[in-house]
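I have placed the structure first, in the form of structure tokens, so that the comments after it can refer back to it.
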Amino acid sequence: MDIAFDQLIKLQHVDAEIASLVSLLEAVPGRLEAIDRKIQATTDVVTQAKDRLASNQKKRRDMEGEIKSIRETIAKYKRQQNEVKSNKEFEAIKKEIAETQARIEVIEETILNEMIAADDVEKEIKAAQAAQASQEGTLKAEKAAVTAERGEIESRKTAAESERAGLLPLIPAEQVKLYNRIHVKKGGIAMSQVTDDFCSLCQMRVRPQLLDELIAGKTIILCEACGRILYWLKTADDGTSPSPVIVSSSPADDSEPHEV
Ligand SMILES: [Zn+2]
């Protein structure tokens with residue numbers, strides 16, 4: 001039986017292309033997630049700054065509430081002061097009022113510092129929002145490009161798969177079966193070209209007798225070391241220097257001058 005070397009080699013090329021397209025497709029979700037994380041990060045910076053501003057405002061409101069309640073206490077002391085009978089009591093309340101008033105001053109100082117801090121946070125928010133606006137467009141465009149690329153890879157994969165389906169009927173079933181088995185077992189590479197007299201994938205020398213059989217092209221020879229289907233690319237003349245007649249038989253693609 002003739003061995004469908006031409007088609008088997010094409011099958012190998014198509015399978016390699018499908019494998020590389022599959023790995024490109026597998027990388028797409030990760031690439032999109034990475035862009036989403038960048039978009040999220042720009043939003044997070046704005047959110048965090050806004051949270052800081054909100055907590056600053058709450059702190060100030062709480063302190064203003066505290067001042068209000070202290071002022072009520074002072075008013076109460078002042079009413080008591082009007083009702084006291086002795087000088088001693090009067091002085092005691094006066095001291096109390098002064099101490100309470102001092103607490104208000106400390107709190108007001110803190111409020112002032114918080115207001116200054118709030119100005120900085122507001123500037124941060126504005127800067128973060130500007131950065132977000134300028135990066136968002138770029139990142140969304142990046143995402144659209146990756147999505148478009150995925151569509152293109154998918155259609156290349158579909159084309160390669162239909163090319164594969166078209167090749168299969170051209171190869172005897174037994175040879176397809178053997179190819180598929182080795183393809184799965186050998187990490188997606190079932191075919192190995194013999195260059196000089198070596199298996200190009202594992203570099204094992206092919207015994208001269210096997211090499212003769214291989215060149216005759218009537219039987220499948222597996223590499224004795226790596227187990228792949230060996231193939232020999234014939235040349236136009238004597239077969240000693242292989243050239244890819246299988247890939248292209250067009251003279252225009254052949255850089256070596258040859259006689260007709
Ligand atoms: Zn080998």
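Here are a few things to note about the model shown:
- Against the conditions (1) surrounded by 14 or more Cβ atoms within 10 Å (Cβ to Cβ); (2) more than 18 Å from Lys10 (Cβ to Cβ); (3) among the hydrophobic types (A, V, I, L, M, F, W, C), Val184 satisfies every one except (1).
- So Gln193, is it touching a residue at least 12 places away in the same chain (Cβ under 8 Å), away from the ligand (no atom under 16 Å from the Cβ) and crowded, with 16+ Cβ neighbours inside 10 Å: no
Residues checked against (1) under 30 Å from Asp36 (Cβ atoms); (2) under 40 Å from the mean Cα position of the chain (by Cα); (3) away from the ligand (no atom under 14 Å from the Cβ); (4) in a helix (DSSP H, G or I):
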residue	(1), (2), (3), (4)
Glu136	yes, yes, yes, yes
Gly151	yes, yes, yes, yes
Leu167	no, yes, yes, yes
Glu174	no, no, yes, yes
Arg181	no, yes, yes, yes
Leu210	no, no, no, yes
Glu213	no, no, yes, yes
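- Residue match in the range 115-132 (condition: assigned by TED's automatic domain parsing to the domain that holds Leu25, of a type outside the set (D, E, K, R), within 55 Å of the chain's Cα centre (by Cα) and closer than 30 Å to Ala27 by Cα): yes
- Only listed residue being loosely packed, with under 15 Cβ neighbours inside 10 Å, of a type in the set (Gly, Ala, Ser) and modelled with pLDDT under 95, chosen from Ser249, Ser155: Ser249
- Filter pass, Ala41 being loosely packed, with under 14 Cβ neighbours inside 10 Å, among the hydrophobic types (A, V, I, L, M, F, W, C) and under 25 Å from the mean Cα position of the chain (by Cα): yes
- Within the range 143-154, residues that are in contact (Cβ under 8 Å) with a residue 12 or more places away in the chain and over 17 Å from Glu17 (Cβ atoms) have Cβ atoms under 6 Å from residues that are among the acidic types (Asp, Glu) and outside any helix (DSSP H, G or I) in no pair, counting only partners at least 6 apart in sequence or on another chain.
- Considering the range 196-208, the residues that are within 11 Å of the ligand (Cβ to nearest atom) and surrounded by 13 or more Cβ atoms within 10 Å (Cβ to Cβ) include one that is nearest to the chain's Cα centre (by Cα), namely Leu201.
For (1) modelled with pLDDT under 95; (2) over 30 Å from Ala131 (Cβ atoms), each residue gets a yes or a no:
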residue	(1), (2)
Ser55	no, no
Glu64	no, yes
Lys68	no, yes
Glu91	yes, yes
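- Residue check, Gly137 more than 30 Å from Ile74 (Cα to Cα) and at pLDDT below 95: yes
- Total residues in the range 215-236 satisfying the condition of being hydroxyl-bearing (Ser, Thr, Tyr) and more than 16 Å from the ligand (Cβ to nearest atom): the figure is 2.
The values are calculated or read from the model by the stated rules, or taken from the named source; none is laboratory data. Everything numeric here is computed off the predicted structure, so don't read it as measured data. Virtual Cβ from ideal backbone geometry, glycine too; neighbours counted across all protein chains shown.
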